[in-house]
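Inspection log for the structure reproduced underneath, given as structure tokens.
The values are calculated or read from the model by the stated rules, or taken from the named source; none is laboratory data. Computed from a prediction, not measured in an experiment: that's the story for all the values here. Ideal geometry is used to build each Cβ from the backbone, glycine not excepted, and the neighbour counts take in all protein chains shown. When the accessible area is computed, the model is the full protein with side chains, heavy atoms only, and any ligands, DNA or RNA have been set aside. Shrake-Rupley method; radii C 1.70, N 1.55, O 1.52, S 1.80 Å.
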Amino acid sequence: MIVRDKIMQKLKSMNSRRNFLKKTGLVSLGVVAAASCKNIAKEEGKTKRLVTPVKPLALSTWRNGIPANEAAWEVLKNGGRALDAVEAGVMVVEGDPNDMSVGYGGRPDRDGIVTLDACIMDEHGNCGSVAAIENIKHPISVARKVMEETPHVMLAGDGALQFALEQGFKKENLLTDKARKEWEEWRKTSDYKPLINIENHDTIGMLAIDQKGDISGSCTTSGLAYKMHGRVGDSPIIGAGMFCDNEVGGAVATGMGEMMMKTLGSFLIVEFMRQGRTPQEAVEEAIRRIVKKVPDYQKFQTGYLAVNKEGEVGAYCIHKGFNYALYVNGENKLIDSDYYLKGNK
Ligand code: ASP
């Protein structure tokens, strides 16, 4: 056979393979094996499910995601709703005085006042949030009440506190001795610029998929240590600190909130997944957006965590050091996130 015939034959067989792939609804990229490993295939920009989605599952940011996932799992394993799981999960961390970035025991603002931000979103796209709320240990539960009991999405400051008290929440002092002493130390040298230390970021963002396959998300924090009084970060902003869409998946953020607010990171990630990207591709693209748009991004840490409805997970951050807890198939594991500054300095 002459060379030209050989080439023609090869092209013919490639075409019939491509037609077969198209007919069977598999991918046009010739990466069926890889796609089925990843659980999904892409066809003309749409996500196509190939196998049964992994569920239930819970995932949350940082080390304290481990106990949070345990609490969420109690809800999920008994057939409970993802919304209840993401509330119960982050409440564990809100109530822990040793977690100094969330709820009770959180570091105060520069004036020594603990102010908290939180948001929650359910499988129907309902959402609620509170910003700069004081003296309430479980802002996530107030956010849920905003979602369920008011016509609004967000309440802030004194109004949020007033609403919480009306709903039966108790006023409590959230500033622990440990946090107060640290703040007093900080005040000795402070020039009132809130310095960002990546170790201080352990805000919890959580996503869960229940046995029915419904997704919900939550996010709660005391925000940046020694921030200006009244500063609100990304965590209570729907679409910045957290977003989920029951057709697609969800995303949560942690780290320097201003960067997520400038790029509406969590919403962006969900939209990337809607367009057919895997959660890992989506979180990496959202970090690259920050790199492109925020000139001093290297000074700060930002981490994103995402899951799609198939149960695929993605995590990415700017600096080394972000991790997340994933509870799936009866196992709760802490996993290190990949990061941008590895090869991009
Ligand atoms: N994202 C939070 C904020 O900017 C802080 C954090 O994640 O630690 O308020």
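Details
- Packing, taken as the mean count of other beta carbons within 10 Å per residue, orders the peptides 259-265, 299-305 from highest to lowest as 299-305, 259-265.
- When nucleic acids and ligands are ignored and a 1.4 Å probe is applied, E285 ends up with an accessible area of around 50 Å².
- Largest accessible area first, the listed residues I290, I238 line up as I238, I290 when surface is computed with a 1.4 Å probe on the assembled protein chains.
- Charge tally in the Cβ shell below 13 Å around G230, where Lys, Arg are +1 and Asp, Glu are -1, G230 excluded: -2
- Solvent-accessible area, 1.4 Å probe, carbon plus sulfur percent, for region 238-287: 52 percent
- Accessible-area composition of region 291-345, carbon plus sulfur, in percent [1.4 Å probe]: 44 percent
- Rolling a 1.4 Å probe over the protein heavy atoms of region 58-113, with every protein chain left in place, gives an accessible area that is 47 percent carbon and sulfur.
- Surface analysis of region 204-285 yields an accessible area of 26 Å² per residue, using protein heavy atoms and a 1.4 Å probe.
- Other-chain or far-sequence residues with amide H under 5 Å of Y316's (modelled H): Y304
- Y339 accessible area, assembled protein chains, probe 1.4 Å, Å²: 50 Å²
- Sorted largest first by accessible area at a 1.4 angstrom probe radius, with every protein chain in place, the residues H124, H138 fall in the order H124, H138.
- Structural descriptor for region 202-345: relative contact order 18 percent, calculated from alpha carbon pairs under 8 angstrom and at least 6 residues apart.
- Taking a ≥ b ≥ c as the square roots of the eigenvalues of the Cα gyration tensor, region 59-165 is oblate, since a/c reaches 1.5 or more and a/b is not larger than b/c.
- Summarised in one figure, the compactness ratio Rg/Rh of region 221-345, Cα atoms and Kirkwood Rh, is 0.96.
- For region 126-249, the relative contact order works out to 23 percent when only alpha carbon pairs closer than 8 Å and six or more residues apart are counted.
- The share of Cα pairs per 10 Å bin across region 104-163, counted from zero up to the longest distance, runs 26, 51, 20, 3 percent.
- Solvent-accessible surface of protein heavy atoms, probed at 1.4 angstrom with all chains present, puts D336, D245 in the order D336, D245, largest first.
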